[in-house]
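Since the structure comes first, as structure tokens, the remarks are kept for the end.
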Amino acid sequence: MSPTIANKTGTSPRPLCGLSAVVTGASSGIGRQIAIQFASAGCANLLVHFNRNLAAAEIVANETRALGAEASVDQCDFGQPNQIQSFVARCFESLPQIDLWVHCAGADVLTGEAADWSFDKKLQRLIDVDLVGSIQTGRFVAEGLQRQSRQHSDRLPPSMLFIGWDQASDGMEGDAGQMFGPIKAGVEAFARSLAQEIAPLVRVNIIAPGWIQTAWGQTTSDYWNQRAQRQALMHRWGEPSDVAAAAVFLSTPTNSFITGQTLQINGGWNRRFDSL
């Protein structure tokens, strides 16, 4: 059950206790770690989204069940507009309510078969999944969450999180910067606009990761390994758990005064960095 306004003071070692959450892109990487940390923080119900890897999603669901959550899995390709509305509807039908929605789903164009695609093909997939998919999903989810808030005005507002990129605002050289920069800047602009539209019924925030060691970072060259470590003031790669900790913080109901914000998780940008 969601905490009421009367409960909004105090801290808890399980700050998401009793809440229900949907985490998209949760079969691997950052989304997987967010789902696990949400369960560890007390989420009672979790929906683990996947696109192609059902087996991996089931493993994540089992990991969250071991932490005490009731977990289910569901599939959607956010690059296919006809799938999005029905997926969102299923989420609202299968959970008692949705207190937290974290939209981590994104196209992987850096590893696997997609790594060999042309720039244009990669860009189009990112536009379809990361940008248009995020906007369409966000609008459908916002409608449902606003209805919930109007029906239960004694509860603190539900939270939505989107994933941006710490270099989207300033840019980065190369194909990656020219692809991810405009896409993630668009996601961040949409999320900030949505926050303006649906407050105070729903909170909307953005996490902008820096160099996070997901699948690509685990197999990349010495150049990128050194660059990732040197461009962070903390002199290390970020881990998915670093991003997940921020997701828990922004989703915690006692932080209900935080909305329309972008939190960069990049170990502190090192302005002393010299190009290699």
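Every read-out reported here was derived from the displayed coordinates using simple, explicitly stated rules and does not represent laboratory data. Because the structure is a prediction, the values reported are computed rather than measured. Cβ coordinates were reconstructed from backbone atoms using ideal geometry, including for glycine residues, and neighbour counts include every protein chain displayed.
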Could you pull out every residue, at least 5 positions away or on a different chain, whose amide H is within less than 5 Å of the one on N270? Hs are placed 1.01 Å off N in the peptide plane, and Pro or chain starts have none. A232, L233
Select from segment 185-267 those chymotrypsin sites (Phe, Trp or Tyr not before Pro) which occupy a DSSP coil region and have at most 10 other Cβ atoms within 10 Å, ordered by residue number. F257
Using the Kirkwood radius over Cα pairs, work out the Stokes-Einstein diffusion coefficient for segment 1-143 at 37 °C and 0.692 mPa s, in µm²/s as a whole number. 208 µm²/s
For segment 153-161, Karplus-derived ³J(HN,Hα) couplings (6.51, -1.76, 1.60; θ = phi - 60°; whole Hz; x for glycine and proline) come out as 5, 7, 8, 5, x, x, 10, 10, 10
Determine ³J(HN,Hα), in whole Hz, for all residues of segment 244-256 in sequence, where each value follows from phi through the Karplus function 6.51 cos²θ - 1.76 cosθ + 1.60 and θ = phi - 60°; x replaces Gly and Pro. 5, 4, 5, 5, 4, 4, 5, 8, 4, x, 5, 9, 6
Scan around H152 for amide H atoms under 5 Å from its own, H built in the peptide plane at 1.01 Å from N, and keep only partners 5 or more places away or cross-chain. none
What number results when the radius of gyration of segment 135-181, computed over Cα atoms, is divided by 2.2 N^0.38 Å? 1.75
From the backbone phi of segment 66-73, what are the Karplus-calculated ³J(HN,Hα) couplings (6.51 cos²θ - 1.76 cosθ + 1.60, θ = phi - 60°) in whole Hz, Gly and Pro given as x? 4, 8, x, 8, 7, 10, 9, 10
Stokes-Einstein D for the chain at 4 °C, 1.567 mPa s, Kirkwood Rh over Cα pairs, in µm²/s? 69 µm²/s
Quick one: in segment 147-276, what % of C-alpha pairs are over 23 Å apart? 39 percent
For segment 169-220 and segment 135-150, distance of Cα centres in Å: 20 Å
Which far-off residues, 5 or more places away or on another chain, put their amide H under 5 Å from the one on T252, with H placed in the peptide plane? none
